[in-house]
Amino acid sequence: GGDGKHRITIIGKARATCGALNLLRLLSHETIVQACDSAKAQEQTNTPPTTQDGANYYSEQPTAAGNDTNYLLKESFTYRSRQSSGSGDQENDAAVQIISSMMLFLSTVGTTTTTAATNTPEILSIPEIYDVIVQILSLLLVLLSTQLYQPMVSGAEAAESEIPHGNFFLDKFMEYSSWQRQNYRAQQKVDNGAINEPMAVLSSCLTWLVDRPAPPRRSIASHYVELTKAVAHQMTDLVLSNDGMYEDSCIVMAAAPKNEQNDASSSTSALPLQTTSNDKTHNLTTVALGTDDSVALSSKGHVSGDVSSLKRRSIVLQPIRSILLLSSTVLLLPIRLVRLAFTVLGRKQHAILPGDVSKDDHSLFQQIQTNCEKSSWNKTNNILLLTDSPIADLSTALILLVTNNYRAQSVNGRNALRNPFRVELASLNDTRWGKDVATRQSDSSLLPLSSTVGDSQATSLSINFESLFEAFGRICHTELGALTLYTMLLSSPIFAESVAARSDLDLVIIPLLRSLYFSSVMRHDKLLQKKGAGGQKTPFQLLSQTDKPYRSQSQLYVILILLLIFSQDPSFGRDSFRRVSIPAVQWYKERQIKAISLGSMILVILLRVITFNLNKLHDGFLLSNCIAVLLNLSPHIVQLHKYVATRITFVTISCFKRYLALLAENGGMPEEEGDLSSPLGMHGEACRTFLQLIKHSVRPRCVEDNLHLVYALLVEQRDIQKICQHPSMMQGDLAHIIDLIQRANSIIEQHGTGRSAAEAMQTLKLHSSELKSDTGDNRGRTSSADSVTSEATDLGNLTFTYEEEADPEVFFVPYLWDVIVGALTTSTLEWSREKILVFPLNEDTETLPHDNGTNNTVEKTEFDNTPDVV
């Protein structure tokens, strides 16, 4: 009846809109690139542009490239119509009209009710509507990409210079959002139906981040999702780990699989392979696309023999045209996806190689290689992102772009334009508790109350904090997820307070540690591992771009900043060692770790990152953040896991030996105090930090709870005593460590019945009170938890807190664009990579592996030959 006709009408309009948006995105991107190119040429010639009547467009302002970009885009997105009175042309700002239309659509779609059966908005179950939302979000990213093709200029820098910075659409977007928000406040008194569009858009994006609505069958978005997963599954021999995710940084899942889907057997491929046996001489393998059709990945004339005997990657590789055939079912040609598979996956150890390709497809392989070179494909660090919800990921990127720009509160003593989206996030409330939560803040908040809290009079943005936190647990292992968690903690004090009060922070900490773990795998050339003529191993070399086990080093910064934010809360340190226990860590490969505290797990990963940094990166900022987290946790270290205790001792000794070698190379001259710019200074600071960590862990009130560390020190007592007595290491009182080792040794000699590790540990446990009393602890006995926390004040002020830079846009905006180009939209959106200026590009390197398929790298895991401690 009427509902059916209405649905058909909506679908028809949606299809037309989707096509128009796609065409507008392509044209807009080309226009933006040309405008930015013209701006650079204009800046070089220093010739100011003029208006149609010949007047200087800048009036009396100094010439700048940004002005030229704004002028060209303004002219491109302005259409003129004759007025009825004939008095002249009327100018219409198409840019504002496009922005307002898309914001209104996103605001309206986000308010639709969800169905009880699927917990998905009914309108999102329509394929055409879903594709329209994807196209709108993609278009918004492209319109905001004027930042991408210009050197980074923050809002504060642009305001101080009083010259527009060329971000035409970003300025329009922010100005319209600010105006619309102010207009809503004025209209809501007389019009109950008024919409606060910035708040509504944020609400829609946060809802999609939490719900992660999957693309419906028959949608274009579903096609790309399934095709990308098929490429990851069939074009490499990488397998899913026990936690259901890939271990290599070149393939990243946008969201961790839910608990019920963690087993690898149920997470093999989004495109199920189906084999029919009607033809006895040849099996036909088909792929279900989520549509009514099936597409043959192999057929007679393409692959000879039985497809069931081929490796999974061979099914697609022989021939490559199968991917293109698969794509042609919806009249699309994702050449960017094919190119991504050959370039990104081709660099890794588990890679596709030209030798795996049939002769018929060799010419296609060469064409892809030539296209990569011409398009500067590997100028950016590209990965294959396996998304289950394009809407969720694209909307998250939009949130990050609009909230991390326009951060300046004031410029030259004048109030700057307040970011309307950060104002809304500042008053974000939990839907479970109501509005009264906005008026209070406890002392356990991770960060101080921001001065940018929104207007309490108006209706505030709200979402279920429990669902939001659980959503972060699934996505914070990705760069996009970690950036979003950071943004929410820094912009929403109420959400930060709710996170600080939780006792299950391991839900977000463990995924962050997992990313750090796989980002610190050391790969070495086989030739470098051989001993030289002098019998010494060759020194470690800095990583090349293709050898890095991570996509971007900035990801490590963000993760460590998050750990620093968590660790600056004293309750986090107490709970991480005493209350939060992890039954098993499936992704840790060096040892099978079971029943380990969250604090111990943080320590062992930070030790790994520091070792990786000292050997490969030589990054002082990375080291300083690791040290800050370690020292924040040091007053609370109790019940240290036996493996972690051994690792602390082993890494300390290894670091000190390397420090002595560097000291000899420097002529015996020690480093300057606080020097983190040289390998000598970094190793020295790391050694002193490890010693402080040991000292705090075996102080009188903790020694009974850290007997594994006491035994580890006892085993390596000769080296430990040398370290503690070295002049460069004696900045603190380390005599206690030497005295403890001597007394522990004496206890074992007097009371021990054997020489085994188990017997030695048993002896230390039976006589641990002697260790405590002999170290001078004559104060009254209190509960262990109270004594450890109360004694933290005796250790000095060890709390390191995180403070944003005065102009955080300078770091976060370029990094965010790097994530968007290299990870989020690598295979879906067109970017002119060779013209990107907002973040540094890679040097020219080889895009594809050599034909001989040789791989001179082997994977090492930080030389972990640590002995086990009973």
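Observations on the structure shown:
- Once all protein chains are placed together, residue 642 keeps about 90 Å² accessible to a 1.4 angstrom probe.
- Extreme residue, positive dipole direction of region 632-747, given options 720, 677, 643 (C-beta unit charges): 643
- Averaged over its residues, region 199-259 has an accessible area of 31 Å² per residue, based on protein heavy atoms and a 1.4 Å probe.
- Charged-residue dipole, Cβ positions (Lys, Arg, Asp, Glu), region 618-775 about Cα centre, Debye nearest 20: 480 debye
- For region 615-675, with all protein chains in place and a probe radius of 1.4 Å, 54% of the accessible heavy-atom surface sits on carbon or sulfur.
- Remark on residue 253: its backbone amide H falls under 5 Å from those of 246, 386, a criterion applied only to residues 5 or more positions apart or on other chains, H modelled at 1.01 Å from N.
- Counting charges near residue 504 (Lys, Arg +1; Asp, Glu -1) among other residues having Cβ under 11 Å from its Cβ returns a value of -2.
- Residue-normalised accessible area of region 551-688, expressed per residue, 1.4 Å probe, Å²: 32 Å²
- Within region 654-742: Cβ-based charge dipole about Cα centre, in debye rounded to nearest 20 (Lys, Arg +1; Asp, Glu -1): 260 debye
- Scaled against 2.2 N^0.38 Å for its residue count N, the alpha carbon radius of gyration of region 627-756 is 1.09.
The values are calculated or read from the model by the stated rules, or taken from the named source; none is laboratory data. Note that the structure is predicted; figures quoted are calculated from it, not measured. With ideal geometry, Cβ positions are generated from the backbone for all residues, glycine too; neighbour counts draw on all protein chains shown. Heads up: the accessible areas ignore ligands, DNA and RNA and are worked out on the full protein's heavy atoms, side chains in. Shrake-Rupley method; radii C 1.70, N 1.55, O 1.52, S 1.80 Å.
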